[in-house]
Amino acid sequence: MKAIIVGLGGRGRGWLRDCRANPDVEVVACVEPFAPNKERAIKEFNVPKEQLYDTLNAALKHVKPDFVVDVTPPAQHESVAMTAIENKIHILGEKPLSDNYEAAKRVVAAGKKAGVKHMITQNYRYAGLPRTTARLLKEGVIGPVAQIDASLYVPWADAPGSHYVTEPYMFLTDMGIHHFDMMRYMIEGEPVSATALTWNLPWGWHKGDACQLILFRFSNGVIGTHRGVGCTVGHVPAGHNGEWRIEGPQGTLTWEGSDLYHSHSHRAEKKIREKVKLDENETTGGPPALLKEFLKALKENRQPECNAADNLKSMAMVFAAVKSAKEKREVQVSEL
Ligand SMILES: NC(=O)c1ccc[n+]([C@@H]2O[C@H](COP(=O)([O-])OP(=O)(O)OC[C@H]3O[C@@H](n4cnc5c(N)ncnc54)[C@H](O)[C@@H]3O)[C@@H](O)[C@H]2O)c1
């Protein structure tokens, strides 16, 4: 399948590598307006000069791809998606779907009307920990889940000058979306409301708040909490995955570092403390696994997992939480 990579910044170069490594993908063009990144693509990543364009529209005058990989900053996602949709080209779009909920809804509506397949790159859920956890919860290992807690302590986006550092609520919106999406995925519930508090620590380097406590309510009665500090300069317990704890009537599933544990410790019942071997299959390889699902969906003429319409629900968690942080009250998803 023929692909155009749109945006050759840090992440775009990763997608260029992943697309080139997949034998079912041929990168036929790249789009990058920023001269230094263009030069870098030519010199360091061997992108042929004649395959490099300033805009997606310019590229589409010369090549007709099956799909575009949109790796531009979030504010550009709507215009890239709309151009692809107008040309009936499928989209593998970097998260977040948009930095604006109304824009995200417009893109989903337009894509549906045009019959375009649109997948959002929620690559965090394409890993052994969330996949194995979701399977165990489906199998009822700890019974019906009542609470899911995530905590994330990271020195997030510590390079000066990027939009991650200068714009408001980026830790919640740009990083949080992965965790909120995993939460929804694992508990199989849809978000109903969010109550959020956000702040910054005195030494933090983000203009927007990079610390948060959020409580989500889900349609199946589950309570989800997310506690994060994006400006720690100390111990990082579990990388960007964070540490998770899922409570059910038969015990807990916990993510401890890169390990998954099943525990049950009620005094009247048999004690369990087991490290679970993580599933390894076609869905557990990060972005390359996600790309495989996207290509499979195109071949099977169906919407992929993490399609844009489904992703709106993860986006709703983000936008309800931001609204709650601003207005200092519980915000219902139905208000968005
Ligand atoms: N899934 C993940 O784990 C993950 C990790 C990092 C970044 N991302 C996402 O990837 C996207 C890009 O992030 P980044 O860190 O690479 O940003 P970046 O700023 O390094 O790169 C963006 C590139 O897009 C180019 N660009 C801007 N407007 C464009 C347009 N209209 N057409 C073509 N190119 C355009 C810029 O010149 C720049 O080179 C963001 O949405 C970000 O959230 C996802």
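The values are calculated or read from the model by the stated rules, or taken from the named source; none is laboratory data. None of the values given here were measured: they were computed from a predicted structure. Heads up, the Cβs are rebuilt from the backbone with ideal geometry, glycines too, and the neighbour counts pull from every protein chain shown.
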- Residue, surrounded by the most Cβ atoms within 10 Å (Cβ to Cβ), within segment 75-103, restricted to residues that are of a type in the set (Val, Ile, Thr) and closer than 30 Å to HIS240 by Cα: ILE91
- Task: Restrict the check to segment 265-287 and report whether at least one residue is outside the structural domain of THR195 (by TED's automatic domain parsing), in contact (Cβ under 8 Å) with a residue 12 or more places away in the chain, surrounded by fewer than 17 Cβ atoms within 10 Å (Cβ to Cβ) and in a helix (DSSP H, G or I).
- Result: no
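Can you tell me which residue in segment 38-74 is surrounded by the most Cβ atoms within 10 Å (Cβ to Cβ), limited to those that are within 24 Å of the chain's Cα centre (by Cα) and either assigned to a loop (DSSP other than H, G, I, E, B) or without any contact (Cβ under 8 Å) to a residue 40 or more places away in the chain (or both)? Before the answer, list the steps.
Step one: list which residues in segment 38-74 are within 24 Å of the chain's Cα centre (by Cα), which gives 56, 66-74.
Filter once more, keeping what is either assigned to a loop (DSSP other than H, G, I, E, B) or without any contact (Cβ under 8 Å) to a residue 40 or more places away in the chain (or both): 66, 71-73.
On the way: ASP66: 16, VAL71: 27, THR72: 22, PRO73: 16.
Applying the filter and picking the extreme gives VAL71.
Could you identify the single residue in ARG131, ARG106 that is of a type in the set (Lys, Arg), surrounded by fewer than 19 Cβ atoms within 10 Å (Cβ to Cβ) and either more than 21 Å from GLY12 (Cβ to Cβ) or out of contact with any strand residue (DSSP E or B) (no Cβ under 8 Å at 6 or more places or on another chain) (or both)?
Working: ARG131 fails: surrounded by fewer than 19 Cβ atoms within 10 Å (Cβ to Cβ).
Answer to the selection: ARG106.
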- Out of the residues in segment 306-321 that are away from the ligand (no atom under 13 Å from the Cβ) and either surrounded by fewer than 18 Cβ atoms within 10 Å (Cβ to Cβ) or within 15 Å of PHE67 (Cβ to Cβ) (or both), state the one that is farthest from the chain's Cα centre (by Cα). ALA309
- Task: Being farther than 23 Å from ALA157 by Cα and either in contact with a Pro (Cβ under 9 Å, 6 or more places away or on another chain) or loosely packed, with under 14 Cβ neighbours inside 10 Å (or both) is the filter here, so list the residues in segment 1-26 that pass it.
- Result: MET1, LYS2, ALA3, ILE4, ALA21, ASN22, PRO23, ASP24, GLU26
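Out of ALA297, ALA316, I need the residue that is within 21 Å of GLY111 (Cβ to Cβ), at pLDDT 95 or above and touching a helix residue (DSSP H, G or I) at 6+ places or on another chain (Cβ under 6 Å). Which one? Let's see the steps before the verdict.
Values: ALA297 fails: touching a helix residue (DSSP H, G or I) at 6+ places or on another chain (Cβ under 6 Å).
None of the others qualify; the one that does is ALA316.
Please verify whether THR225 is surrounded by 14 or more Cβ atoms within 10 Å (Cβ to Cβ), more than 20 Å from the chain's Cα centre (by Cα) and at pLDDT 95 or above, treating the condition exactly as stated. Write out each step before concluding.
On the way: surrounded by 14 or more Cβ atoms within 10 Å (Cβ to Cβ): yes; more than 20 Å from the chain's Cα centre (by Cα): no; at pLDDT 95 or above: yes.
Taking the combined requirement at face value, the residue does not satisfy it.
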- Message: Regarding segment 195-215, can at least one residue be identified that is without any contact (Cβ under 8 Å) to a residue 12 or more places away in the chain, more than 18 Å from the chain's Cα centre (by Cα) and not in a strand (DSSP E or B)?
- Response: yes
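Restricting the search to segment 22-37, which residues are closer than 16 Å to ASP70 by Cα and in a helix (DSSP H, G or I)? Write out each step before concluding.
If we filter segment 22-37 for residues that are closer than 16 Å to ASP70 by Cα, which is where we start, we get 25-34, 37.
Within segment 22-37, ASN37 is the sole residue that qualifies.
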- Within the set of pairs 6 or more residues apart or between chains, which connect a residue that is within 16 Å of LEU52 (Cα to Cα) inside segment 1-23 to a residue that is within 10 Å of the ligand (Cβ to nearest atom) and in a helix (DSSP H, G or I) with Cβ atoms less than 6 Å apart? ILE4/ALA59; ILE5/GLY12; ILE5/TRP15; VAL6/LEU56; VAL6/VAL80; LEU8/ASN37; LEU8/ALA41
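Every residue, every condition in (1) of a type in the set (Val, Ile, Thr); (2) near the ligand (Cβ under 9 Å from one of its atoms); (3) over 24 Å from LYS296 (Cβ atoms); (4) in contact with a Gly (Cβ under 8 Å, 6 or more places away or on another chain), yes or no:
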site	(1), (2), (3), (4)
MET1	no, no, no, no
ILE4	yes, no, no, no
ARG13	no, yes, yes, no
ARG17	no, no, no, no
PRO23	no, no, no, no
VAL28	yes, no, no, no
GLU32	no, yes, yes, yes
GLU39	no, no, yes, no
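Do any helices (runs of 4 or more DSSP H) lying entirely in segment 116-191 carry at least 3 residues that are hydroxyl-bearing (Ser, Thr, Tyr), and which ones are they?
Working: elements: 128-138, 163-166, 176-187.
Because the criterion is at least 3 residues that are hydroxyl-bearing (Ser, Thr, Tyr), no helices (runs of 4 or more DSSP H) in segment 116-191 meet it.
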